Amino acid sequence: MNDPGPYIRDALLATRAGLTDPALLVDLWLDRFLDLLAACTSLPDEAPAPEAAYELIGLFGRLTRCRPALIDATGRGPAWDEAAVAMQGRLAAWLPQALRVPNPDGWLAEAGDLADACDDAGPEEELAGWAEQLLTDLDDAELVAWAARREGAPDAALEEGLARCDAWLRLNLDRFFPAGVFVQGLGQTIRPDLPGLDLGLAATADKVVVLLDALEDSQERMGPVRLPVAILTESWEGFPEPSLALAAATPVAEGLFSRRWRSPSGALEARLVAGPDRPGTDRVRVVFAAGDELPASLVGQPVWLAGQEAVIDADGAADFPRQALLAARAAGEPLALRVGEQRQPWRAVRDE
Amino acid sequence: VAFFADTERALKHLGDHVLTGPECDAWVVVVPALLEHVDLASVTECERFSQNACVQGGAVAQAVLGLYRGAAEEAVTHAFFLGWHVTEGETTVALGTTGVLVMVAGAVVVTVFIPGQGCAEAVRNDRPRAGQLGRERGRMRRALPPHPASEPPGTEGYLYRRAFRPVVRFLKARYHDAYTLDGRIRWHWPLVARALPPLEDLTLPRWQEYRAQVGAGGTS
């Protein structure tokens with residue numbers, strides 16, 4: 001079976017319910033990275049301000065850590081490849097600027113404030129944003145420290161400070177629970193093979209792993225969970241596996257795999273129904289409808305299922321090669337549906 | 001769809017968002033005509049205007065309220081034309097091409113604001129702190145992107161860089177805050193991020209195309 005790796009936890013409710021959207025995060029990071037890099041390289045002496053250099057290097061590390069499929073889904077894969085090369089050529093020059101920014105003691109002081117606010121039962125929505133910001137700040141700093149190590153110029157003081165921050169985080173994992181859905185989304189951006197590619201970069205993701213562990217423990221302690229919202233997972237659970245016996249004409253009582261999605265406005269629906277993987281069933285069909293009507297506006301529109309592209313035909317259906325979907329699943333793609341030139345994400349809903 | 005349940009609530013939101021710093025700065029960019037009625041750069045003037053508007057049942061604020069309502073109606077129209085809206089249960093969240101977000105519960109508008117431009121504390125306290133305009137938590141630690149040769153105020157480019165794009169980035173950044181760990185919706189407004197195109201499809205030229213599609217824009 002496909003191992004999603006340590007960064008994706010299907011047991012966690014928000015992940016299982018498909019509430020997270022790692023593509024949104026990657027889209028945001030890449031947009032900001034390209035924007036900032038263009039601005040900094042257009043400066044006459046290419047000397048970005050410390051904050052800009054810091055943010056750029058942090059984003060560079062975070063995007064390097066990402067699953068390539070998510071970067072491709074932004075439509076800016078080639079731009080990222082080019083920018084990454086440009087960034088690598090400037091790392092050594094910009095690192096001294098960037099290393100002036102991180103302030104572990106400041107982070108620890110603010111983390112203490114967050115802990116106090118949690119103890120005082122501060123407004124949950126504010127705690128969530130605050131915890132997310134602190135986590136992102138720590139991540140930025142760790143990614144800049146990683147870049148410095150990679151360039152052969154580790155910053156000992158920063159490393160020592162970050163070790164204290166990391167120790168605090170591990171003792172106060174529950175303080176970050178208000179941002180638990182973000183943590184799950186963040187984890188889903190990380191390529192599962194990261195430790196094999198760059199152990200140092202993988203170390204920056206360790207905090208995500210320990211937070212996910214803690215979230216799972218917490219959820220387990222709360223007892224059996226059920227979905228409180230009418231949203232079903234974008235996970236692949238139950239998707240028909242290739243049959244080694246090639247069905248062998250042996251009837252098996254297997255159920256159908258089905259998923260349903262709804263357009264952002266709620267007016268249109270898409271339904272996927274797939275039977276067991278048998279010879280001759282090499283396509284998986286998604287049928288689009290507006291109530292009982294064929295949505296004419298969708299005919300001819302491109303559609304992506306788990307990153308695989310098809311076109312909606314005159315009958316309101318789009319066919320996807322089963323093998324391509326299996327490969328997408330193996331690559332860690334969520335079973336997400338995006339529709340139209342704008343790749344609008346449709347929401348998975350409970351299949352009734 | 002009713003524009004708020006009653007005038008009192010409409011005025012409350014007008015005060016919280018249009019007349020409160022720093023969100024008022026973004027409102028000036030989106031609806032420059034507001035400056036014909038109230039000096040949004042002056043905290044004292046905003047406060048006075050807001051108090052008078054409430055005391056007099058909104059009579060003195062009709063023009064400003066009309067502009068607020070007009071911005072909301074335009075946002076909803078654009079959002080539904082472009083598909084930039086989501087519905088979750090009874091609640092619909094729509095984002096217009098200027099960055100104005102409208103939330104409708106049932107058949108009533110419940111809030112209209114420019115995401116990421118305001119200050120939760122300022123709104124909660126009902127009044128901006130004298131002489132000091134708050135900022136979103138966290139923005140202080142973020143490097144603001146340099147804006148090379150930014151367009152002059154009053155142009156479409158300025159509206160895009162000053163209001164629309166920051167709003168879209170903010171919504172995408174805050175999307176995961178929308179949910180609690182057990183899957184409940186903590187707040188609805190970030191959900192609209194999922195209905196928006198990727199940022200590559202929201203560059204200035206593409207945004208201008210969207211604006212043209214809905215019959216808005218002109219000066220570039």
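Screening A:W304 against (1) within 14 Å of chain B (Cβ to nearest Cβ); (2) aromatic (F, W, Y); (3) more than 24 Å from the chain's Cα centre (by Cα) leaves a single unmet condition, (3). What about B:L133, is it more than 11 Å from chain A (Cβ to nearest Cβ), surrounded by fewer than 17 Cβ atoms within 10 Å (Cβ to Cβ) and at pLDDT below 70? In short, yes. Where helices (runs of 4 or more DSSP H) sit wholly within region A:8-67, those with at least 3 residues that are surrounded by fewer than 23 Cβ atoms within 10 Å (Cβ to Cβ) and at the interface with chain B (Cβ under 8 Å from one of its Cβ atoms) occupy A:22-41. For first residues located in region A:268-283 and farther than 17 Å from A:A327 by Cα and of a type outside the set (G, A, S), partners that are at pLDDT 80 or above and outside any strand (DSSP E or B) and lie 6+ apart or on another chain with Cβ distances below 8 Å form the pairs A:L268/A:L298. The number of residues in region B:20-45 being part of a helix (DSSP H, G or I), modelled with pLDDT of 85 or more and of a type in the set (V, I, T) comes to 3. Of all residue pairs spaced 6 or more apart or on separate chains, those with beta-carbon atoms under 9 Å, a first member in region B:23-42 that is in contact (Cβ under 8 Å) with a residue 40 or more places away in the chain and a second member that is part of a helix (DSSP H, G or I) and among the charged types (D, E, K, R) are B:E23/B:D16; B:D25/B:R162; B:A26/B:R162; B:V29/B:R162; B:V30/B:R162. Note on region B:189-215: residues that are outside any helix (DSSP H, G or I) and either touching a helix residue (DSSP H, G or I) at 6+ places or on another chain (Cβ under 7 Å) or of a type in the set (D, E) (or both) amount to 3. Looking only at region A:171-191, residues that are away from chain B (no Cβ under 11 Å), aliphatic (A, V, I, L, M) and either within 11 Å of A:A131 (Cβ to Cβ) or in contact with a Cys (Cβ under 6 Å, 6 or more places away or on another chain) (or both) come to 1 in all.
So for region B:187-205 (the condition being surrounded by fewer than 19 Cβ atoms within 10 Å (Cβ to Cβ), within 11 Å of chain A (Cβ to nearest Cβ) and within 18 Å of B:T111 (Cα to Cα)), does at least one residue qualify?
Yes: region B:187-205 contains one or more residues that are surrounded by fewer than 19 Cβ atoms within 10 Å (Cβ to Cβ), within 11 Å of chain A (Cβ to nearest Cβ) and within 18 Å of B:T111 (Cα to Cα).
Looking only at residues in region A:108-127 that are part of a helix (DSSP H, G or I) and of a type in the set (D, E, K, R), the one that is farthest from the other protein chains (Cβ to nearest Cβ) is A:D119.
Residue-by-condition table, conditions (1) without any contact (Cβ under 8 Å) to a residue 40 or more places away in the chain; (2) over 22 Å from A:P154 (Cβ atoms):
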residue	(1), (2)
A:A47	no, yes
A:G61	no, no
A:P68	no, yes
A:V85	yes, yes
A:L91	no, no
A:Q97	no, no
A:L114	no, yes
A:G122	yes, yes
A:D137	yes, no
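Within region A:141-151, is there a residue that is within 14 Å of chain B (Cβ to nearest Cβ), basic (K, R), farther than 26 Å from A:T74 by Cα and in a helix (DSSP H, G or I)? Within region A:141-151, not a single residue is within 14 Å of chain B (Cβ to nearest Cβ), basic (K, R), farther than 26 Å from A:T74 by Cα and in a helix (DSSP H, G or I).
Applying the condition of being of a type in the set (D, E) and out of contact with any Gly (no Cβ under 6 Å at 6 or more places or on another chain) to region A:127-158 and asking which residue is surrounded by the fewest Cβ atoms within 10 Å (Cβ to Cβ) yields A:E151.
Inspect all residues belonging to region A:94-107 and state whether any of them is touching a Phe, Trp or Tyr at 6+ places or on another chain (Cβ under 6 Å) and away from chain B (no Cβ under 13 Å). The answer is no; no qualifying residue exists. State whether the residues of region A:128-137 include one that is of a type in the set (V, I, T) and within 14 Å of chain B (Cβ to nearest Cβ). Taking every residue of region A:128-137 in turn, at least one turns out to be of a type in the set (V, I, T) and within 14 Å of chain B (Cβ to nearest Cβ).
Checking each residue in region A:259-286 for being under 30 Å from B:A94 (Cα atoms), surrounded by fewer than 17 Cβ atoms within 10 Å (Cβ to Cβ) and modelled with pLDDT of 70 or more picks out A:A267, A:R271. For region A:326-342, the tally of residues that are assigned to a loop (DSSP other than H, G, I, E, B) and either under 15 Å from the mean Cα position of the chain (by Cα) or surrounded by fewer than 17 Cβ atoms within 10 Å (Cβ to Cβ) (or both) stands at 7.
If you take the residues of region B:166-186 that are part of a loop (DSSP other than H, G, I, E, B) and either at the interface with another protein chain (Cβ under 7 Å from one of its Cβ atoms) or in contact (Cβ under 8 Å) with a residue 24 or more places away in the chain (or both), which of them is surrounded by the fewest Cβ atoms within 10 Å (Cβ to Cβ)? Top of the filtered list is B:R184.
Out of (1) over 18 Å from B:P198 (Cα atoms); (2) in contact (Cβ under 8 Å) with a residue 40 or more places away in the chain, the odd one out for A:L24 is which? Every listed condition holds for A:L24 apart from (1).
The set of residues in region A:198-209 that are assigned to a helix (DSSP H, G or I), surrounded by 15 or more Cβ atoms within 10 Å (Cβ to Cβ), more than 14 Å from chain B (Cβ to nearest Cβ) and among the aliphatic types (A, V, I, L, M) comprises A:L201, A:A202, A:A203, A:V209.
The values are calculated or read from the model by the stated rules, or taken from the named source; none is laboratory data. What you see is a predicted model, and the numbers here were worked out from it, not measured in a lab. Don't worry about glycine lacking a Cβ; one is built from the backbone with ideal geometry, like all the others, and counts go over all protein chains shown.
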